[in-house]
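The values are calculated or read from the model by the stated rules, or taken from the named source; none is laboratory data. In this text the structure is predicted, and so the values were computed from the model without any measurement. FYI the Cβ positions are ideal-geometry reconstructions off the backbone, even for glycines, and counts take in every protein chain you see. Calculation scope for accessible area: heavy atoms of the full protein, side chains included, ligands and nucleic acids excluded. Shrake-Rupley method; radii C 1.70, N 1.55, O 1.52, S 1.80 Å.
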Amino acid sequence: IVPDIDETYDIFLPINKKIGEIVILVIKSINEHESLNLPNNKVLYNRNTGKDYDPNDLIKNTDIRNGTSLILL
């Protein structure tokens with residue numbers, strides 16, 4: 001979920017990538033697709049728990065699994 005633009009996306013997250021890399025790739029993709037200029041300093045949060053994710057954590061070392069709902073703020 002990206003509240004800044006009131007959009008929701010379903011995306012595949014490779015488990016061997018860092019959260020920070022994923023955030024940058026997602027923002028780049030949104031900026032290109034929507035012709036926007038969102039800043040790269042966004043943080044991923046778990047929609048259900050409110051937990052924020054460290055940019056240096058690998059996806060596989062978090063509680064992010066298939067079907068996890070995330071918010072990019």
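Would you confirm whether or not the range 57-65 contains a residue that is under 11 Å from the mean Cα position of the chain (by Cα), modelled with pLDDT under 95 and β-branched (Val, Ile, Thr)?
Initial filter on the range 57-65 (under 11 Å from the mean Cα position of the chain (by Cα)): 59, 64.
Still in the running and modelled with pLDDT under 95: none.
No, because not a single residue in the range 57-65 is under 11 Å from the mean Cα position of the chain (by Cα), modelled with pLDDT under 95 and β-branched (Val, Ile, Thr).
Take Leu36 and tell me if it is at pLDDT below 90 and either assigned to a loop (DSSP other than H, G, I, E, B) or within 10 Å of the chain's Cα centre (by Cα) (or both).
Details: at pLDDT below 90: yes; either assigned to a loop (DSSP other than H, G, I, E, B) or within 10 Å of the chain's Cα centre (by Cα) (or both): yes.
So Leu36 fits the description; yes.
Would you pick out the residues in the range 3-48 that are free of Cβ contacts under 8 Å to residues at least 40 places away in the same chain, of a type in the set (Val, Ile, Thr) and open to solvent by less than 90 Å² (accessible area, probe 1.4 Å)?
Scanning the range 3-48 gives Ile5, Ile22, Ile24, Ile30, Val43.
Restricting to the range 39-62, what's the tally of residues that are of a type outside the set (Val, Ile, Thr) and either more than 17 Å from Leu25 (Cα to Cα) or in a strand (DSSP E or B) (or both)? Don't jump to the end; show me each part of the working.
First, the residues of the range 39-62 that are of a type outside the set (Val, Ile, Thr): 39-42, 44-48, 50-58, 60-61.
Going one step further and asking which of them are either more than 17 Å from Leu25 (Cα to Cα) or in a strand (DSSP E or B) (or both), we end up with 44-48, 50-52, 58, 60-61.
Count: 11.
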